[in-house]
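The values are calculated or read from the model by the stated rules, or taken from the named source; none is laboratory data. Treat the numbers as computed from the prediction; the structure is a model and nothing was measured. FYI the Cβ positions are ideal-geometry reconstructions off the backbone, even for glycines, and counts take in every protein chain you see.
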């Protein structure tokens, strides 16, 4: 409770002054007859009621002063606004993702873990970039996480041509998907074996472009440092992938490159040698990056003058009926 116009209480000083003057000019007659009740109290009912006339008028005036001070009751209103995070997942779909050093292979593991990661998000926005020799935006940023999960489920190796691994293109494409919003956390999750095979595309360019836009890059190296042979699926003829000289192609995890990307873009690097470790990395990222819940609080006040005016009006009515009509006495 508060009073919007507390200066009105100065009128009480005027009332006190009026009481003092009344007592002075009426001599020994007390300003408040109630103060001298006891042995001198009037015996008749009419006399007793008449003695209450002045206190009743005084109470009425005090209530009016309280009403003029504008008593107010307040209540709090809150507006909760969730500022989520924007996440672009850049997923490698080059031939090296067929390597089976992560069972059943890198692509299958990355796809399943990404879907589980999406299922644990709240009101965040997620988009998807696929890359091999080039990069494409497979899904824009959206809060429809179920739709993104369905797209992830359709991801296959060699969905993007030409073949190869162009991490610079992946970073530039992912960075371009973000708008100018500055009130949301914005991150890129790069899932790859980190082995850049497309010449003439320095990875530092992509990492610096992300850093310039305030984007953090979390790089996940999929596979084992010693690498693995690329085992083709049955629909691709099976067997081990071979180069133009009929030599088996062995892909190796390039951790140095991924560490440098994470350093430049203010993120972190993890190695995931198993599907379980890959899941742990995604869980760690989800724990690191949380949306912000902003609560705006404000207090609204409602006027409560009526709580004082109604009693004052009732006292005034009672005084008029009882003392003015029935008692027929004017003080």
Among the candidates 313, 308, 286, single out the residue that is in contact with a helix residue (DSSP H, G or I) (Cβ under 9 Å, 6 or more places away or on another chain), over 19 Å from residue 168 (Cβ atoms), assigned to a helix (DSSP H, G or I) and free of Cβ contacts under 8 Å to residues at least 24 places away in the same chain.
-> 313
From 41, 20, 80, which residue is at pLDDT below 75, surrounded by fewer than 18 Cβ atoms within 10 Å (Cβ to Cβ), under 30 Å from residue 286 (Cβ atoms) and not assigned by TED's automatic domain parsing to the domain that holds residue 139?
-> 80
Could you list, in sequence order, the residues of segment 222-240 that are modelled with pLDDT of 85 or more, touching a helix residue (DSSP H, G or I) at 6+ places or on another chain (Cβ under 8 Å) and closer than 20 Å to residue 191 by Cβ?
-> 222, 223, 230, 231
Please go through segment 172-206 and pick out each residue that is in contact with a helix residue (DSSP H, G or I) (Cβ under 6 Å, 6 or more places away or on another chain) and farther than 23 Å from residue 115 by Cβ.
-> 172, 175, 196, 201, 203, 205, 206
Only one of (1) on the phi < 0 side of the Ramachandran plot; (2) in the same structural domain as residue 100 (by TED's automatic domain parsing) fails for residue 306. Which number is that?
-> (2)
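Each row is one residue, and each column tells you yes or no for (1) at pLDDT below 75; (2) surrounded by fewer than 15 Cβ atoms within 10 Å (Cβ to Cβ).
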site	(1), (2)
273	no, no
279	no, no
287	no, yes
297	yes, yes
308	yes, no
Output the number of residues of segment 239-262 satisfying the condition of being in a helix (DSSP H, G or I) and surrounded by 12 or more Cβ atoms within 10 Å (Cβ to Cβ).
-> 7
State whether one or more residues within segment 159-166 are within 33 Å of the chain's Cα centre (by Cα), surrounded by 20 or more Cβ atoms within 10 Å (Cβ to Cβ), touching a residue at least 12 places away in the same chain (Cβ under 8 Å) and assigned by TED's automatic domain parsing to the domain that holds residue 89.
-> no
Those residues of segment 172-194 which are outside any helix (DSSP H, G or I) and modelled with pLDDT of 80 or more amount to 177, 178, 179, 185, 186, 187, 188, 189, 190, 191, 192, 193
Which numbered condition residue 184 fails, given (1) under 22 Å from the mean Cα position of the chain (by Cα); (2) without any contact (Cβ under 8 Å) to a residue 40 or more places away in the chain; (3) surrounded by fewer than 19 Cβ atoms within 10 Å (Cβ to Cβ) = (2)
Search segment 246-267 for residues that are touching a residue at least 12 places away in the same chain (Cβ under 8 Å) and in the same structural domain as residue 282 (by TED's automatic domain parsing) and pair each with any residue that is exposed (fewer than 15 other Cβ atoms within 10 Å of the Cβ) and assigned to a strand (DSSP E or B) when their beta-carbon atoms are under 6 Å apart and the residues are at least 6 apart or on different chains.
-> 248/240; 248/242
Could we say that residue 191 is in the same structural domain as residue 256 (by TED's automatic domain parsing), under 17 Å from residue 97 (Cβ atoms) and crowded, with 20+ Cβ neighbours inside 10 Å here?
-> yes
Those residues of segment 106-152 which are surrounded by fewer than 20 Cβ atoms within 10 Å (Cβ to Cβ) and part of a loop (DSSP other than H, G, I, E, B) amount to 120, 121, 122, 123, 133, 134, 143, 144
